[in-house]
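Asker: Here you go, one structure.
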Amino acid sequence: MALMKLDVVKLTKELVSYKSESTLTNVPVTRHVIGVLKDSGFQVEQLPYPDKNGIDKLCIVARLGKGSGGLTLMSHNDVVPAKQEEGWKQNPYAVRQSAGKLYGRGVCDMKGPLAATLCAAAQFKASDLRQPVFIVVTADEEIHARGAWEIVHRSKLFQDASSGYGLICEPTRLGVVYAHKGSLSIRATAKGKAAHTSTLKGINANLAMIPFLVEMKKINDLVLSSKRYRNDEFSPPNSEWSIGINDHNVATNIYPVTSTCTVNYRPMPGTNIDALIERTRAAAKKAGIKIEITRPGDGVYTDPGSPLVATALKLSGTRKARTVPYGTDGLAYRVKMPRLVVLGPGDIAQAHTVDEWVEVDQLKKGVALYERFIDHVCVQGNA
């Protein structure tokens, strides 16, 4: 089979043209990616599922070569919503190229990096490889890494890949990231009874919420002060027990019927937060309020002195690996694949922004870096 020569700018434009916002289906854009992979000689495993709203989603794991281990390049193809009325200078899904940059929803987070992985992999034939190359593309990364968990639980090819190296290709400006935080979301709801406040016949939902909030404040004080929840490899070294409150009331002379408290917490890698969760459950039970806890996953941590990090530093020309405060699909992958780093073109500061952009130079350097990685691990067979 002749090697494909893909253009990273052209392919990024094609992928961005699909409006694959997380609330919509990602099936059409994923089918486009499947076509590219099959043309490049990959075997493709498809993992469809309906999301909580019944929308069809599709994740894929693809392999070039035979066997297990090797190198896995991981991306997602869902994007956060974008509307022209938010201030975009053009249709967010029609890429604009200007002064060495591409502008459009997902060019940075992360259809540009995904395109870079496809362009790099297309430069190799299965017969050249001592170890396989895997490409993973998920849906719903922006919604609690749902697609990544589907892959962890269901994919046969990911099982084969899990003993090898994993590159999560989120934007890091091609710097090596060896650790990131996990994720925890809590939603507590108290119910009241509607009435005009002058009648004294209603029930104020906030009154049930107040003691719960007092306990949430105590937990916040704990996680910001206790060494148990601190990690000095991160800046800042703590995460806030971020509390939100809303009684949804439209007038102050009506008893609030619903009071909602949300908590978002990003636990450090290696910390045990079970006690915090149980304390929260107990506080909700005592206050007589409903609680929903979503735990997308724990943080990613690969020893900065490990062979994978050393290889990534060498191939990327980076002097020192670092940590980041945001999360990736790695919080699911880590359950089966212990050797992970985050390494991709573009700047995370552009993610989710109006007029999101990525430098063309970053994408081209990303292609070259992924080619070096595939050559080093899969062609030469180095660890």
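The values are calculated or read from the model by the stated rules, or taken from the named source; none is laboratory data. Quick caveat, the model's predicted, so the values are computed rather than measured. Neighbour counts run over all protein chains shown; Cβ positions are idealised from the backbone, glycine included.
Asker: Within region 192-214, track down each residue that is surrounded by fewer than 17 Cβ atoms within 10 Å (Cβ to Cβ) and touching a helix residue (DSSP H, G or I) at 6+ places or on another chain (Cβ under 6 Å).
Answerer: 211
Asker: Quick check on my filter: what residues within region 59-74 are in contact with a Ser or Thr (Cβ under 6 Å, 6 or more places away or on another chain) and either small (Gly, Ala, Ser) or surrounded by fewer than 24 Cβ atoms within 10 Å (Cβ to Cβ) (or both)?
Answerer: Scanning region 59-74 gives 68, 69.
Asker: Scanning region 232-269 for residues that are buried (at least 20 other Cβ atoms within 10 Å of the Cβ) and of a type in the set (S, T, N, Q), which turns out farthest from residue 324 (Cα to Cα)?
Answerer: Applying the filter and picking the extreme gives 259.
Asker: May I pose another question? Within region 352-368, does at least one residue satisfy the condition of being part of a loop (DSSP other than H, G, I, E, B), closer than 14 Å to residue 171 by Cβ, assigned by TED's automatic domain parsing to the domain that holds residue 136 and in contact with a Cys (Cβ under 7 Å, 6 or more places away or on another chain)?
Answerer: Among the residues of region 352-368, at least one is part of a loop (DSSP other than H, G, I, E, B), closer than 14 Å to residue 171 by Cβ, assigned by TED's automatic domain parsing to the domain that holds residue 136 and in contact with a Cys (Cβ under 7 Å, 6 or more places away or on another chain), which makes the answer yes.
Asker: Give all pairs with beta carbons closer than 8 Å in which a residue from region 199-221 that is in the same structural domain as residue 266 (by TED's automatic domain parsing) and part of a helix (DSSP H, G or I) meets a residue that is of a type in the set (Phe, Trp, Tyr) and surrounded by 14 or more Cβ atoms within 10 Å (Cβ to Cβ); count only pairs at least 6 apart in sequence or on separate chains.
Answerer: Close Cβ pairs (under 8 Å, with a partner that is of a type in the set (Phe, Trp, Tyr) and surrounded by 14 or more Cβ atoms within 10 Å (Cβ to Cβ)) amount to 205/255; 216/241; 219/241; 220/241.
Asker: Is there a residue in region 230-240 that is of a type in the set (Phe, Trp, Tyr), in contact with a helix residue (DSSP H, G or I) (Cβ under 7 Å, 6 or more places away or on another chain) and not assigned by TED's automatic domain parsing to the domain that holds residue 308?
Answerer: no
Asker: If residue 55 satisfies every condition in (1) touching a strand residue (DSSP E or B) at 6+ places or on another chain (Cβ under 7 Å); (2) at pLDDT 95 or above but one, which is the exception?
Answerer: (1)
Asker: Turning to a different aspect of this structure: Of the conditions (1) assigned to a strand (DSSP E or B); (2) within 23 Å of residue 150 (Cα to Cα), residue 28 satisfies every one except a single condition; which number is it?
Answerer: (1)
Asker: Now for a different question. Scan (1) assigned to a loop (DSSP other than H, G, I, E, B); (2) surrounded by 17 or more Cβ atoms within 10 Å (Cβ to Cβ); (3) among the aliphatic types (A, V, I, L, M) for the single condition residue 94 breaks and write down its number.
Answerer: All conditions are met except number (2).
Asker: Starting from residues that are surrounded by 22 or more Cβ atoms within 10 Å (Cβ to Cβ) and hydrophobic (A, V, I, L, M, F, W, C), keep the ones in region 1-27 and report whichever is farthest from residue 95 (Cα to Cα).
Answerer: Residue satisfying both the conditions and the ranking: 8.
Asker: Quick check on region 330-350. Is at least one of its residues surrounded by 18 or more Cβ atoms within 10 Å (Cβ to Cβ), in a helix (DSSP H, G or I) and aromatic (Phe, Trp, Tyr)?
Answerer: Scanning region 330-350 turns up at least one residue that is surrounded by 18 or more Cβ atoms within 10 Å (Cβ to Cβ), in a helix (DSSP H, G or I) and aromatic (Phe, Trp, Tyr).
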